[in-house]
Amino acid sequence: SAVISQKPSRDICQRGTSLTIQCQVDSQVTMMFWYRQQPGQSLTLIATANQGSEATYESGFVIDKFPISRPNLTFSTLTVSNLSPEDSSIYLCSVRPGRLTRANYGYTFGSGTRLTVV
Amino acid sequence: KQEVTQIPAALSVPEGENLVLNCSFTDSAIYNLQWFRQDPGKGLTSLLLIQSSQREQTSGRLNASLDKSSGRSTLYIAASQPGDSATYLCAVSGGGSNYKLTFGKGTLLTVNP
């Protein structure tokens with residue numbers, strides 16, 4: 001399975017600033033996924049990051065607030081912009097190697113970024 | 001729309017006990033089901049992956065079963081240890097355009113020494 005390096009592991013940010021989270025994968029993958037986990041909640045998909053094209057955002061998430069870059073098949077960044085205390089969450093990236101139409105591989109997750117906005 | 005439910009929401013057991021976590025899903029047209037473990041404030045660690053054609057998977061003290069037709073999966077943990085204390089998440093994914101993961105809310109397991 002793929003190995004993901006996610007940075008930073010945690011950060012405390014001031015209201016109104018931005019935080020950029022990086023994920024590096026040890027193999028080439030077609031799609032990378034970004035999730036948010038609010039305190040006490042399960043994971044919610046923010047967007048799917050495709051190499052060479054715009055990310056696809058889920059309902060309730062917009063590019064201005066969560067811009068994503070995907071410059072190559074092993075790397076992606078998620079920026080959380082104009083931070084407010086409501087953005088305090090764990091943010092995770094995820095990949096699933098192989099063709100998405102194949103069931104042989106499971107999803108792998110990064111170690112998460114714990115964001116606290118003060 | 002796929003919905004995943006996990007029961008119980010929380011479970012506290014003494015060390016050494018065998019236990020079962022339950023997961024149910026509403027749409028049986030899944031490609032696979034995955035069980036994850038999450039420690040507080042951390043990312044997800046994949047425990048077991050069951051493909052839709054399989055009935056169960058085993059890894060060490062863990063055994064996961066899948067009954068696709070009834071929309072149910074169980075995670076069995078044998079001889080529980082304090083180090084097993086974590087939140088356990090169940091997630092399913094479908095095929096084609098439904099490849100995205102749908103998560104349950106998790107079961108918070110506490111194993112007391």
Any hit, segment B:35-54, residues being away from chain A (no Cβ under 14 Å) and in contact with a strand residue (DSSP E or B) (Cβ under 8 Å, 6 or more places away or on another chain) = no
Starting from residues that are modelled with pLDDT of 95 or more, touching an Asp or Glu at 6+ places or on another chain (Cβ under 8 Å) and buried (at least 18 other Cβ atoms within 10 Å of the Cβ), keep the ones in segment A:71-113 and report whichever is farthest from the other protein chains (Cβ to nearest Cβ).
-> A:80
Checked segment B:12-38 for anything among the hydrophobic types (A, V, I, L, M, F, W, C) and under 11 Å from residue B:106 (Cβ atoms); matches are B:21, B:23, B:35, B:36
Residue A:18 vs (1) out of contact with any Phe, Trp or Tyr (no Cβ under 7 Å at 6 or more places or on another chain); (2) modelled with pLDDT of 95 or more; (3) closer than 30 Å to residue B:6 by Cα; (4) not aromatic (Phe, Trp, Tyr): all pass except (3)
Give me a count of the residues in segment B:72-113 that are over 23 Å from residue B:15 (Cα atoms) and among the aliphatic types (A, V, I, L, M).
-> 3
By my count, strands (runs of 3 or more DSSP E) wholly in segment A:11-118 with at least 1 residues that are more than 20 Å from residue B:31 (Cβ to Cβ) and touching a Lys or Arg at 6+ places or on another chain (Cβ under 8 Å) are A:19-25, A:44-50, A:75-80, A:89-95, A:113-117
Scanning segment A:29-60 for residues that are touching a strand residue (DSSP E or B) at 6+ places or on another chain (Cβ under 7 Å) and among the hydroxyl-bearing types (Ser, Thr, Tyr), the one farthest from residue B:41 (Cα to Cα) turns out to be A:56
Looking at A:49, A:2, which one is free of Cβ contacts under 8 Å to residues at least 60 places away in the same chain, among the hydrophobic types (A, V, I, L, M, F, W, C) and either crowded, with 16+ Cβ neighbours inside 10 Å or more than 14 Å from chain B (Cβ to nearest Cβ) (or both)?
-> A:49
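The values are calculated or read from the model by the stated rules, or taken from the named source; none is laboratory data. Given the structure is predicted, the values throughout are model-derived calculations rather than measurements. Note that each Cβ is placed from the backbone with ideal geometry, even for glycine, and that neighbours are counted across all protein chains shown.
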